[in-house]
């Protein structure tokens, strides 16, 4: 029983430590994760630099605009990202705000409407987090 509790706790800590933050600069991301790999993954967004980082079993693709992270794509290395991972990501990115889930769109929206998060159909191994167009005023790139 103790082994299960310790393993679960380590999984939660690993997921929480592997998060970047929307709005962080490349310098801040490199300080948190070490040197990332530029444009190293399949996701391509014209006009945006992309950096890939790995830490504690989580891979994070960061899409950058004006030297600030505007989108993150999370995946667990060697396994599917879990509901527990998603809860930790949302908690880390909440900055004291809550999240609401819309059953129709299957998206989470932060209570200040600045961020949205979702799993994309066909990509249950990934979790996407990005700035919301509705509430993005004041965030870098908008």
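Computed packing ranks the peptides 114-127, 50-63 as 50-63, 114-127, most packed first, by mean other Cβ atoms within 10 Å.
Name the shape class, rounded, prolate or oblate, that the alpha-carbon gyration tensor gives for the range 54-118, where a ≥ b ≥ c are the square roots of its eigenvalues, rounded holds for a/c under 1.5, and otherwise prolate holds if a/b is larger than b/c and oblate otherwise. Show your work: numbers first, answer last.
Working: a/c = 1.80, a/b = 1.19, b/c = 1.51.
In terms of gyration-tensor shape, oblate.
Quick note: the coordinates plus some simple rules give every number you see, no bench work behind them. Quick caveat: nothing in here was measured; it's all calculated off a predicted structure. In this analysis, Cβ positions are derived from the backbone assuming ideal geometry, glycine residues included, and neighbour counts consider all displayed protein chains.
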